[in-house]
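Take a look at the structure below.
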Amino acid sequence: MLKARARSNSTADVVGQVLDDLGVAARERGQRARPFVTLSWAQSLDGSIALEAGRGCALSGAESLALTHAVRASHDAILVGIGTLLADDPRLSVRHWAGRSPGPVVLDSRLRTPPTARVLAAGPGRTVRIVCTAAADEARVAPLAQRGADVLRLPAQDNGWVDLPALLDALGGAGVRRLMVEGGARVLTSFLRARLGDYAVVTVAPRLLGGLPVVGELDRDRPPRFASVATHRLGEDVVLAGPLGWEGP
């Protein structure tokens with residue numbers, strides 16, 4: 001049975017509660033070769049993550065954005081897909097909370113990351129990994145490597161996208177113990193479809209967009225669900241956080 005815990009406190013209190021719960025979930029999962037995976041996104045009331053593909057939309061308020069950056073700081077690496085990178089040109093750093101910035105990982109099967117992308121200016125001590133498949137043009141590697149990126153070629157799924165289990169194996173082998181996945185919609189859906197998420201932090205903004213759904217088609221026989229969930233009020237937003245499970249409807 002789903003256990004719901006309603007909470008409404010200051011931003012600092014909520015951050016502490018979510019990070020404590022994350023730590024408990026990670027310890028309960030135990031030591032594994034693959035990283036502990038936290039899925040994190042902001043959505044509208046109608047489940048939209050953006051206005052449309054390739055057109056981002058700021059949804060989080062200042063308080064929930066601070067939580068997101070605190071969660072970033074608790075992870076070794078942070079992952080987005082090439083669609084998010086091209087649409088938003090994110091830095092994937094920690095700016096709205098005190099803490100270290102995780103190492104960026106970009107899923108980019110065909111190496112479309114521009115050498116001018118802001119994420120490539122990650123700074124010393126942050127390894128930027130661009131993950132592609134054998135189908136990527138070799139000529140695109142050198143400009144990214146010159147900007148300091150570590151380009152990884154991994155096996156592809158049948159649809160040509162990077163194989164996620166192979167990705168997690170590679171990151172685990174490189175010492176990544178906690179991975180935060182922030183989007184976009186196709187990436188989040190892929191992790192959920194593959195049952196590779198351990199924990200989720202979902203910010204719900206009080207807006208209706210009628211835009212791009214955050215989650216696509218999943219396994220209807222064993223859909224993902226919160227094993228337990230804490231709800232937090234941050235400004236106008238509601239944040240749901242807890243470990244994920246696939247125990248059936």
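Averaged over its residues, segment 7-119 has an accessible area of 43 Å² per residue, based on protein heavy atoms and a 1.4 Å probe.
Taking every pair of distinct Cα atoms and averaging 1/r, then inverting, what Kirkwood hydrodynamic radius in Å comes out for the chain?
On the way: mean 1/r = 0.0545 Å⁻¹.
Result for the chain, one decimal place: 18.4 Å.
For Ala42, the residues whose modelled amide H falls within less than 5 Å of its own, excluding neighbours fewer than 5 places apart on the same chain, are Thr203.
Across q = 0.10, 0.14, 0.15 Å⁻¹, segment 15-136 modelled as identical point scatterers on its alpha-carbon atoms has Debye log10 I(q)/I(0) values of -0.35, -0.70, -0.80, in the order of the q list.
The slack between Thr116 and Asp13, meaning 0.36 nm per residue of separation minus the straight C-alpha distance, is 33.3 nm. For Thr11, Thr113, Thr127, the ranking by accessible surface with the largest value first comes to Thr127, Thr11, Thr113, using a 1.4 Å probe.
Once you have the Kirkwood Rh of segment 139-249 from its Cα pairs, apply Stokes-Einstein at 10 °C and 1.306 mPa s and quote D in µm²/s. Don't jump to the answer; show the numbers that get you there.
Numbers: Rh = 16.6 Å.
Answer from the Stokes-Einstein relation: 96 µm²/s.
Here is the size of segment 67-115 from its Cα atoms: Rg then Dmax, 11.5, 35 Å.
For the chain, what does -39500 (n - 2.57) per DSSP helix run (n ≥ 4), summed and divided by total residues, give at 222 nm, in deg cm²/dmol to the nearest 500?
Working: 6 runs with 63 residues, N = 249.
Helices in the chain give a 222 nm mean residue ellipticity of -7500 deg cm²/dmol.
The values are calculated or read from the model by the stated rules, or taken from the named source; none is laboratory data. Computed from a prediction, not measured in an experiment: that's the story for all the values here. Ligands, DNA and RNA are stripped out before the accessible areas are found, and what is left, the full protein with its side chains, is counted by its heavy atoms. Shrake-Rupley method; radii C 1.70, N 1.55, O 1.52, S 1.80 Å.
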